[in-house]
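The values are calculated or read from the model by the stated rules, or taken from the named source; none is laboratory data. Please read all numbers here as calculations on a predicted model, not as lab measurements. Cβ: placed from backbone, ideal geometry, glycine included. Neighbour counts: every protein chain shown.
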Amino acid sequence: MAIARMSVAELEAFLHAEFPQAFRDGDIAIESADGETCLLRQRYSERMLRPGGTVSGPTLMALADFAMYVVLLSRIGPVGLAVTANLNINFLRRGRPGQDVLAAARLLKLGKRLAVGEVTLLSGTSPDPIAHVTSTYSIPNA
């Protein structure tokens with residue numbers, strides 16, 4: 001089991017200071033982060049919807065990318081310049097309007113320069129994923 005190098009409170013403080021454009025207005029909450037996994041909740045807003053009343057792809061991609069960043073920081077500490085190298089998303093079913101979106105991320109492999117993880121996106125209380133994401137992050141030299 002991994003040991004978290006940043007607590008939820010430390011992650012929130014870091015993100016408010018260093019990445020406020022992604023962690024603003026309280027629309028995303030970090031529910032847990034333990035160095036191996038994290039759970040984020042994006043509170044429902046009509047801004048999330050695309051025509052037809054479905055949660056938009058860009059909303060889901062951004063939340064998944066942010067969840068991967070959070071789980072990585074929880075493991076390696078406050079490395080602000082860790083960046084996305086690859087993100088692949090499979091949309092599985094419609095995200096329902098009126099429902100929060102949850103992102104459950106986990107690290108699959110952590111190396112010196114690259115981290116690989118996956119994120120499952122859920123709509124509200126449904127156990128059925130609305131999207132599955134794999135992602136690779138590049139970690140800068142210390």
*What number of residues within the range 48-58 are surrounded by fewer than 21 Cβ atoms within 10 Å (Cβ to Cβ), modelled with pLDDT of 95 or more and in contact with a Lys or Arg (Cβ under 8 Å, 6 or more places away or on another chain)?*
2
*Filter pass, L122 being touching a Pro at 6+ places or on another chain (Cβ under 9 Å) and either surrounded by fewer than 16 Cβ atoms within 10 Å (Cβ to Cβ) or assigned to a loop (DSSP other than H, G, I, E, B) (or both)*: no
*Considering only residues of the range 30-47 that are loosely packed, with under 15 Cβ neighbours inside 10 Å and touching a strand residue (DSSP E or B) at 6+ places or on another chain (Cβ under 8 Å), which is farthest from T120 (Cα to Cα)?*
R43
_Hits in the range 84-101 - residues which are out of contact with any helix residue (DSSP H, G or I) (no Cβ under 9 Å at 6 or more places or on another chain) and either among the basic types (K, R) or not in a loop (DSSP other than H, G, I, E, B) (or both)_ = A85, N86, N88, N90, R93, R94, R96
_Can you find a residue that is at pLDDT 95 or above, assigned to a strand (DSSP E or B) and surrounded by fewer than 16 Cβ atoms within 10 Å (Cβ to Cβ) anywhere in the range 70-78?_
no
*Go through the range 84-105 and count every residue that is under 13 Å from the mean Cα position of the chain (by Cα) and either surrounded by fewer than 17 Cβ atoms within 10 Å (Cβ to Cβ) or among the hydroxyl-bearing types (S, T, Y) (or both).*
2
